[in-house]
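Chemist: The structure's right below; bear with me while I get my questions together.
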Amino acid sequence: MTIEHLPASATPEQVGAVLERDGVAVVDRLVAPDVMDRVRTELRPYLDATAAGPDEFSGRNTRRTGGLVARSATCRELVMHPLVLGAVGNLLKHLTRFQLHLTQIIAIGAGEPMQMIHRDQWAYDFFPFPKGYEVQCNTIWAMTDFTAENGATRVIPGSNHFDDRLEFGEADTQPAEMERGSVLFYTGSLYHGGGANRSAETRYGINITYNSSWLRQEENQYLSVPLEIARTLPVDLLRLIGYARGAYALGYVDDLRDPIEVVRPDLANAGLGELDRALERAREQFSA
Ligand SMILES: O=C(O)CCC(=O)C(=O)O
Ligand SMILES: [Fe+2]
């Protein structure tokens with residue numbers, strides 16, 4: 001089984017269908033290369049200041065720079081990209097709501113060995129989710145070209161249907177090669193890992209992931225995005241980073257108040273639904 005590549009004109013339904021079947025899909029050149037240059041310019045001081053990982057899983061020669069919603073206006077556009085929100089919404093359509101899980105530039109340095117092959121949903125203390133019940137959908141945008149040599153993410157297409165807690169080696173996997181500006185989608189159930197970087201250059205990917213609003217976020221968005229910045233963000237994005245109730249009541253504030261009121265008192269009693277409307281707009285855009 002090979003990694004299916006779709007064109008930038010693909011619909012959320014098409015991406016969602018491939019994800020349901022294979023657990024992985026690449027959309028080629030979804031944004032122009034200069035978008036990736038903008039990200040690099042906005043984040044340069046943070047990228048330069050980030051230390052390498054503390055353990056083998058994080059990568060001792062890999063730097064992970066987060067807080068991208070607070071730090072990069074261009075990353076906010078990637079987080080809210082209509083095809084991404086549409087595809088994630090499609091894969092996770094059995095959920096009342098999904099949220100932003102983490103934002104991270106993953107810079108795999110030259111010489112880094114392959115990361116352990118894993119499922120990202122193991123983050124939830126290895127809870128054995130029923131097969132086919134997806135709780136997470138991930139993206140990695142190629143900031144540099146992704147090649148087999150420089151550490152393109154290694155994936156096992158179709159492994160979303162496998163049993164849990166399996167172990168794999170590099171030979172079981174394929175590199176998700178793609179050009180700069182392309183985006184790799186994969187489900188929380190897909191076996192994958194960062195590739196070994198056997199080149200002389202650093203491989204940069206922008207990992208932006210989404211999960212069920214009834215699970216905890218890996219990156220604490222309430223603390224990563226300072227309130228004074230949160231107050232300047234569009235409501236759709238605020239909802240997505242967590243200022244919304246997950247399902248019926250999860251995350252309310254004191255007297256059953258909508259958490260968005262704390263950031264935007266002017267929206268008191270606005271009710272649920274902005275993210276849903278954002279998804280609706282994304283769908284309309286694609287059916288037009
Ligand atoms: O950087 C990559 O290609 C993948 C990294 C990854 O899977 C992870 O850190 O969970
Ligand atoms: Fe992962």
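The values are calculated or read from the model by the stated rules, or taken from the named source; none is laboratory data. Since the model is a prediction, treat every value here as computed from it, not as a measurement. A quick note on method: Cβ atoms are made from the backbone with ideal geometry, for glycine too, and the neighbour counts reach across all protein chains shown. Accessible surface areas use protein heavy atoms only, side chains included; no ligands, DNA or RNA. Shrake-Rupley method; radii C 1.70, N 1.55, O 1.52, S 1.80 Å.
Chemist: Taking the Cβ of Val262 as the centre, find all other residues whose Cβ is under 14 Å away and add up their charges (Lys, Arg: +1; Asp, Glu: -1).
Modeler: Values: positive: Arg231, Arg239, Arg245, Arg257, Arg264; negative: Glu228, Asp254, Asp255, Asp258, Glu261, Asp266.
Residues near Val262 contribute -1 overall.
Chemist: Say each of Asp28 and Ala249 gets a label point 7 Å from the Cα, pointing the same way as Cα to Cβ; how far apart are those two points in nm?
Modeler: Roughly 5.1 nm, to one decimal.
Chemist: Given a Förster distance of 35 Å, report the FRET efficiency between Leu267 and Phe57 from their Cβ-Cβ distance, rounded to the nearest 0.05. Walk me through the numbers before you get to the answer.
Modeler: Working: r = 40 Å, r/R0 = 1.13.
The calculated FRET efficiency here is 0.30.
Chemist: With labels modelled as points extended 7 Å from the Cα through the Cβ direction, what inter-label distance (nm, one decimal) is found for Met1 paired with Lys93?
Modeler: Modelled inter-label distance: 2.0 nm.
Chemist: Now, a different point. Over the chain, with a Gaussian network built from C-alpha contacts below 10 Å, which listed residue (Arg38, Arg203, Arg64) shows the highest mean-square fluctuation?
Modeler: For the chain, modelled as a Gaussian network with Cα springs under 10 Å, the answer is Arg38.
Chemist: Could you work out how far apart the two model spin labels at Arg165 and Leu256 are, taking each label as a point 7 Å from the Cα in the direction of the beta carbon, and quote it in nm?
Modeler: Once both label points are built, they end up 4.2 nm from each other.
Chemist: Moving to a separate point now. Residue by residue through segment 42-49, which ³J(HN,Hα) values in whole Hz follow from phi under the Karplus form 6.51 cos²θ - 1.76 cosθ + 1.60 (θ = phi - 60°), with glycine and proline marked x?
Modeler: Taking θ as phi minus 60°, the curve returns 5, 9, 3, x, 6, 4, 5, 8 Hz for segment 42-49.
Chemist: What value, in deg cm²/dmol to 500, does the helix sum -39500 (n - 2.57) over DSSP H runs of n ≥ 4 give at 222 nm once divided by the residues of the chain?
Modeler: On the way: 10 runs with 82 residues, N = 288.
Taking each H run of at least 4 residues, the total per residue is -7500 deg cm²/dmol.
Chemist: Dipole magnitude of segment 1-139 about its Cα centre, charges +1 at Lys/Arg Cβ and -1 at Asp/Glu Cβ only, in debye to the nearest 20? If you can, show how the numbers build up before the last one.
Modeler: On the way: 14 positive and 16 negative charges, 57 e Å.
Result for segment 1-139 is approximately 280 debye, rounded to the nearest 20.
Chemist: Next up: How much area per residue is accessible in segment 120-175 when the probe is 1.4 Å and only protein heavy atoms are counted (Å²)?
Modeler: Values: 2540 Å² over 56 residues.
Here the per-residue accessible area is 45 Å².
Chemist: Taking only C-alpha pairs under 8 Å that are 6+ residues apart, what is the relative contact order of segment 145-254 in percent?
Modeler: Working: 110 pairs, mean separation 31.3, N = 110.
Here the relative contact order equals 28 percent.
Chemist: Explain nothing, just the number: dipole magnitude of the chain about its Cα centre with +1 on each Lys and Arg Cβ and -1 on each Asp and Glu Cβ, in debye rounded to the nearest 20. Please list the in-between numbers first.
Modeler: On the way: 28 positive and 39 negative charges, 75 e Å.
Using Cβ point charges on Lys, Arg, Asp and Glu, the chain gives about 360 debye.
Chemist: Another question, then. Each residue of segment 69-81 in turn: what ³J(HN,Hα) in whole Hz from Karplus with 6.51, -1.76, 1.60 and θ = phi - 60°, glycine and Pro shown as x?
Modeler: 5, 6, 9, 9, 4, 5, 5, 4, 5, 5, 4, 9, 4
Chemist: Right, here's the next one. Springs between alpha-carbon atoms under 10 Å, Gaussian network over the chain: tell me which of Pro45, Pro157, Pro175 tops the mean-square fluctuations.
Modeler: Per the Cα network of the chain with a 10 Å cutoff, Pro45 tops the list.
Chemist: Just to confirm a number: summing +1 for Lys and Arg and -1 for Asp and Glu over residues other than Asn211 whose beta-carbon lies under 12 angstrom from that of Asn211, what do you get? Display every interim value, and only then the final one.
Modeler: Values: positive: Arg97, Arg216; negative: Asp120, Glu134, Glu218, Glu219.
Spelling it out: positives minus negatives among the neighbours equals -2.
Chemist: Using θ = phi - 60° and the Karplus form 6.51 cos²θ - 1.76 cosθ + 1.60, what ³J(HN,Hα) does each residue of segment 252-259 get, whole Hz, x for Gly and Pro?
Modeler: 6, 10, 5, 7, 6, 7, 5, x
Chemist: Taking the Cα centre of segment 127-194 as origin, work out the dipole magnitude from +1 charges on Lys and Arg Cβ and -1 charges on Asp and Glu Cβ, in debye rounded to 20.
Modeler: Numbers: 4 positive and 10 negative charges, 44 e Å.
For this selection, approximately 220 debye.
Chemist: Using modelled backbone amide H atoms (1.01 Å from N, in-plane), which distant-in-sequence or interchain residues come within less than 5 Å of Ala196's amide H?
Modeler: Residues meeting the amide H criterion: Met114, Gln115.
Chemist: Something else about it: Quick one: helix 12-22 against the long Cα principal axis of the chain, what's the angle to the nearest 10°, folded into 0 to 90?
Modeler: 50 degrees
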